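The values are calculated or read from the model by the stated rules, or taken from the named source; none is laboratory data. These numbers were taken from a predicted model, which means no experiment stands behind them. With ideal geometry, Cβ positions are generated from the backbone for all residues, glycine too; neighbour counts draw on all protein chains shown. For accessibility, only protein heavy atoms count, side chains too; no ligands or nucleic acids. Shrake-Rupley method; radii C 1.70, N 1.55, O 1.52, S 1.80 Å.
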Amino acid sequence: MRILVVEDEPKVAAFITQGLQESGHEVRIEYDGLMGKRTALKEEFDAMIFDIIMPGINGVELCRAVREHGISTPVLLLTALGTTEDKVNGLDAGADDYLVKPFEFQELLARLRSLGRRGIGIEAAPNTLSYHDLELDISRKMAIRGGKEIPLTAKEFGLLEYLMRNRERVLSRSQISEKVWDIHFDTGTNVVDVYMNLLRKKIDRDHADKLIHTRVGHGYVLQLAK
């Protein structure tokens, strides 16, 4: 993968760059948001990693600017801000995932592998999934409910695809983490819950029939309430 890293802390930037290069990736590094924006808009990458707190413009603003220019490259935000509100702000700006500092480098690699795949069903599968009035166009990476297109980030799309491939089946948080984020260990974060809440707002908010449900103590299920 060709990866853009925008990180103003030299030690952190060097740590990430060295690890990515040793893992076989090509890395372009920028040390402030404005230079990061210029590079992101001018060159093509397979993934982008933005620190949130940095000079020029912060990572959330940088992510929003990239999306406003129609660039759909997966974005991973690095943040020392651990509150759910801070994470949601980043995701609402168009980020596909976030990682809270300090982090293990293996977890960063796992998140990048997941973002690089940008899809859950590797096996041969139909180009369209449907349930009730919800449709998922796999080829065009588009969700439609009640005839209205619903904009989703790459990670939200992957999560919804996994739910729809396992409709009416309760999925645990560990199952979702493994399949959607490629994480096989407990990170101590509530990333699944945050994303599920974001997805539920987009899919169910304007509809009387709710499709995404929490099963307390068990996980989540895509099912038409009876």
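Out of all the residues in the stretch 45-94, which are on the phi > 0 side of the Ramachandran plot and out of contact with any helix residue (DSSP H, G or I) (no Cβ under 9 Å at 6 or more places or on another chain)? Steps first, please.
Our first condition is that a residue be on the phi > 0 side of the Ramachandran plot; within the stretch 45-94, this holds for 56, 70, 94.
Matches in the stretch 45-94: GLY70 only.
Quick grid of which residues meet (1) open to solvent by 50 Å² or more (accessible area, probe 1.4 Å); (2) touching a strand residue (DSSP E or B) at 6+ places or on another chain (Cβ under 6 Å):
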{"site": "GLY33", "(1), (2)": "no, no"}
{"site": "LEU41", "(1), (2)": "yes, no"}
{"site": "PHE45", "(1), (2)": "no, yes"}
{"site": "ILE49", "(1), (2)": "no, yes"}
{"site": "ASN89", "(1), (2)": "yes, no"}
{"site": "ALA93", "(1), (2)": "no, no"}
{"site": "ARG113", "(1), (2)": "yes, no"}
{"site": "GLY116", "(1), (2)": "no, no"}
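Please tell me if TYR162 is among the hydroxyl-bearing types (Ser, Thr, Tyr) and farther than 22 Å from LEU78 by Cβ. Against the criterion (among the hydroxyl-bearing types (Ser, Thr, Tyr) and farther than 22 Å from LEU78 by Cβ), TYR162 qualifies. Which members of the stretch 141-173 meet the condition of being open to solvent by 10 Å² or more (accessible area, probe 1.4 Å), small (Gly, Ala, Ser) and modelled with pLDDT of 90 or more? The one that is open to solvent by 10 Å² or more (accessible area, probe 1.4 Å), small (Gly, Ala, Ser) and modelled with pLDDT of 90 or more: SER172. Total residues in the stretch 9-46 satisfying the condition of being of a type in the set (Asp, Glu) and under 17 Å from LEU78 (Cβ atoms): the figure is 3. For VAL75, the conditions (1) farther than 13 Å from GLY94 by Cα; (2) in contact with a Cys (Cβ under 6 Å, 6 or more places away or on another chain) are fulfilled apart from (1).
Which one is nearest to PRO10 (Cα to Cα) among residues in the stretch 51-65 that are open to solvent by less than 30 Å² (accessible area, probe 1.4 Å) and of a type in the set (A, V, I, L, M)?
In the first step, residues of the stretch 51-65 are kept if they are open to solvent by less than 30 Å² (accessible area, probe 1.4 Å); the result is 51-52, 54, 59-60, 62-63, 65.
After this cut, where a residue has to be of a type in the set (A, V, I, L, M) as well, the list is 52, 54, 60, 62, 65.
Working: ILE52: 15, MET54: 12, VAL60: 20, LEU62: 19, ALA65: 24 Å.
Of everything passing the filter in the stretch 51-65, MET54 is nearest to PRO10 (Cα to Cα).
Of all residues in the stretch 66-76, none satisfies being open to solvent by less than 20 Å² (accessible area, probe 1.4 Å) and more than 17 Å from the chain's Cα centre (by Cα). Tell me yes or no: at least one residue of the stretch 177-189 is within 21 Å of ASP96 (Cα to Cα), at pLDDT 90 or above and surrounded by 13 or more Cβ atoms within 10 Å (Cβ to Cβ). Checking the stretch 177-189: not a single residue is within 21 Å of ASP96 (Cα to Cα), at pLDDT 90 or above and surrounded by 13 or more Cβ atoms within 10 Å (Cβ to Cβ).
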